[in-house]
Each structure stands twice: as C-alpha cells, then as structure tokens.
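Scroll down for the structure; my scribbles are underneath it.
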Amino acid sequence: MKHLERIFINVDTWPWSVILRVALGLLIPPMFRALSGSSDAAWIPLILFVGLLVALRVVPAVLRHVLPFSANAKEIWAVRRNIAKLHDSYQWQKLFWIGLGLLPYAFIGNGLSNGELVVMLFCVIGGSLGLLFWSKVDAKPATQ
C-alpha cells in the first residue's frame, strides 16, 4: 500500500477519526457564519449542516472512484461501509465527536446561534446514543 493510501485509511481509525471530527466541529461555527453572512436565521445552520453531512458521504465516494487506490485499500473501505450499513449506531456515534467540537462555542465568545445550538444538541444527544448502542454491538461476540 502506498503512503498516501495509509493516510486515507488511518483517517478513519482511532484516535485520528475522533481528532478530525472534533476539529470539524470546531470549524463549523466560523465556516457556517462565513457562508451565511452571519445571518441570524435559525434554519441556515441546519441546512448547511445537512449539506455538510451529504458532502462527508459524497466526497469520499467520488475520491474512491476517481483516484487509483489499490484493491487492498478499496477492500478495507468496503468492509467499513458494510459495518456502517449493518449498524446505524456506528454512523450516529460519529456525530458525537462533531458535537463535542461544537460544544466550546456554547460557552465562549458570542456562543452559538439558535440553529447552531440545535445542531450541537442533535450531534451530542444523537451521537451519545450512537456511542451507547455501538459499544453494545462492539462488545457482542461474533457468531457465525
């Protein structure tokens, strides 16, 4: 496997996946505020967040299709996608880390707008449930 492939594969492993998702959460308020022109409309962060979630699914799929990755790298990603399809909680727990990145904005500076607060609460609460359910799935022994 090439060095670049290892980086892309390791991005979705502990602790890098957590670090990157928290960093993404930290970037959301300034990024959304820049895109919305600092509008106070509560629905704008919600729409931008849905767009971000779509981009987080589409961009990697396009990159996997366009870039010449090895069969080994494609197999690793296929296994991960199958786990995600089998266990919704695996996807939900990712939101927890994004919400954790948003959390500091609730306490510092100007805080979060109403829409950003809804996004943060959705991520933290939904992601916490995902972590809870994923830990139960992860603890079960594999049966054949």
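Among Leu56, Leu48, Leu132, the largest mean-square fluctuation in a Gaussian network model of the chain, built with springs joining Cα atoms closer than 10 Å, belongs to Leu56. Of the residues Leu131, Leu102, the one with the fewest other Cβ atoms within 10 Å heads the list, and the complete ranking is Leu131, Leu102.
Give me Rg/Rg_expected for the chain, where Rg uses Cα atoms only and Rg_expected = 2.2 N^0.38 Å with N residues. The partial results should precede the final answer.
On the way: Rg = 16.8 Å, N = 144, 2.2 N^0.38 = 14.5 Å.
Rg over 2.2 N^0.38 Å, computed on Cα atoms: 1.16.
Each of Phe49, Phe107 was scored by other Cβ atoms within 10 Å of its Cβ. Listed from fewest to most, they are Phe107, Phe49. Computed over region 67-119, the alpha-carbon pair-distance distribution with 5 angstrom bins reads 4, 16, 15, 14, 12, 12, 10, 9, 6, 1, each value a whole percent.
With respect to the chain, whose longest principal axis is taken over its alpha-carbon atoms, helix 43-66 is tilted by about 20°. For Glu5, Glu75, the sequence from fewest to most other C-beta atoms within 10 Å is Glu75, Glu5. Of the peptides 89-95, 22-28, 63-69, the order by per-residue mean of other Cβ atoms within 10 Å, starting with the highest, comes out as 89-95, 22-28, 63-69. Dividing the summed -39500 (n - 2.57) terms of all DSSP H runs of n ≥ 4 by the residue count of the chain sets its mean residue ellipticity at 222 nm at -26000 deg cm²/dmol.
Backbone N atoms of region 114-130 closer than 17 Å to the 7 Å Cα→Cβ label point of Ala42 belong to residues 114-123.
Every number in this text was worked out from the coordinates using simple rules, so none of it is lab data. Given the structure is predicted, the values throughout are model-derived calculations rather than measurements. In this analysis, Cβ positions are derived from the backbone assuming ideal geometry, glycine residues included, and neighbour counts consider all displayed protein chains.
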